[in-house]
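J.: Pasting in a structure now, in structure tokens, and then I'll have a few things to ask.
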Amino acid sequence: VALHGLRLHARERRGNCPGEVLRPPGSEIAQRERCDARLRELVRLRQNVSWNLGRLLRLFADRRLHRELGFMSFSRYCRERLGLGARRAWLLIGLERRLVRLPGIAGAYRSGALSWVKASAVARVASEVSEQRWLRLAAAVTVRRLLEEVALAETGAAPRGPHGLDAE
């Protein structure tokens, strides 16, 4: 089977990684590790795109450039021109605005070290003083646990457990 100039083997047609990842000789474990590494690389790239999209959307919205292009609303511009839901656009803009004062979190998000969900969560509660502690926590726990810790912080409760915010 040919796909964009690649010839795929039978096992690749069943849903495994593309040929350029699986063809090199090596054990099945090595092949899985290469596939995993490529997937993580793509996620980091996607994060970088989201970071850039948030920055550009903020500038576009702040300057109301959609009107200069003939769109009555920013939401309509996002939907019709970008294929992006207005809610997602405003969430990206909100995150971008919060990250202006949190350069460590912004850098981790931009590089893909921190997912959009984690960056968005910690940006709600982090300050210039607590930013590095929140970054360490975000790197050490699952999204679910991080969201629980953020919810606790928003209510004023102290973090809990071995990976809590004050754990060193």
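J.: Specify, per residue and in Å³, the volume enclosed by the convex hull of the alpha carbon atoms belonging to the stretch 32-168.
T.: Hull volume over Cα atoms, normalised by residue count, gives 126 Å³.
J.: Can you list the HN-Hα couplings for the stretch 88-96, worked out from phi with the Karplus curve (6.51, -1.76, 1.60; θ = phi - 60°), rounded to whole Hz and with x for Gly and Pro?
T.: 4, 4, 5, 5, 5, 5, x, 5, 4
J.: Write down, largest first, the equivalent ellipsoid semi-axes of the stretch 85-145 in whole Å, where each equals the square root of 5 times an eigenvalue of the alpha-carbon gyration tensor.
T.: Semi-axes, largest first: 18, 13, 10 Å.
J.: If you rank E80, E149, E68 by how much accessible surface each has, with a 1.4 Å probe, what is the order from largest down?
T.: Putting E80, E149, E68 in descending order of accessible area: E68, E80, E149.
J.: State the percentage of accessible surface on the stretch 56-168 attributable to carbon and sulfur atoms; use a 1.4 Å probe and exclude ligands, DNA and RNA.
T.: Carbon and sulfur atoms account for 54 percent of the accessible area of the stretch 56-168.
J.: Taking the full set of protein chains and a 1.4 angstrom probe, give the accessible area of F60 in square angstrom, rounded to the nearest 10.
T.: F60 has an accessible surface of roughly 40 Å² with all protein chains in place.
J.: Run the numbers for V43 and D62: contour at 0.36 nm per residue of separation, minus the present Cα-Cα distance, in nm.
T.: This chain segment gains 4.0 nm when fully extended.
J.: Let me spell out the model: positive unit charges on the Cβ of Lys and Arg, negative unit charges on the Cβ of Asp and Glu, origin at the Cα centre of the stretch 75-154. What dipole size does that give, in debye rounded to 20?
T.: Here the size comes out at about 300 debye.
J.: Restrict the search to the stretch 122-160; then list the trypsin sites (Lys or Arg not before Pro) that DSSP places in a loop and that have at most 15 other Cβ atoms within 10 Å of their Cβ.
T.: Answer by residue number: R160.
J.: Also, I was wondering about something else. So how exposed is W116, as accessible area in Å² (1.4 Å probe, rounded to 10)?
T.: Spelled out: W116, probe radius 1.4 Å, area about 50 Å².
The values are calculated or read from the model by the stated rules, or taken from the named source; none is laboratory data. Model, not experiment: these values are computed from the prediction. Note that each Cβ is placed from the backbone with ideal geometry, even for glycine, and that neighbours are counted across all protein chains shown. Surface areas here come from the heavy atoms of the whole protein model, side chains and all, with no ligands, DNA or RNA. Shrake-Rupley method; radii C 1.70, N 1.55, O 1.52, S 1.80 Å.
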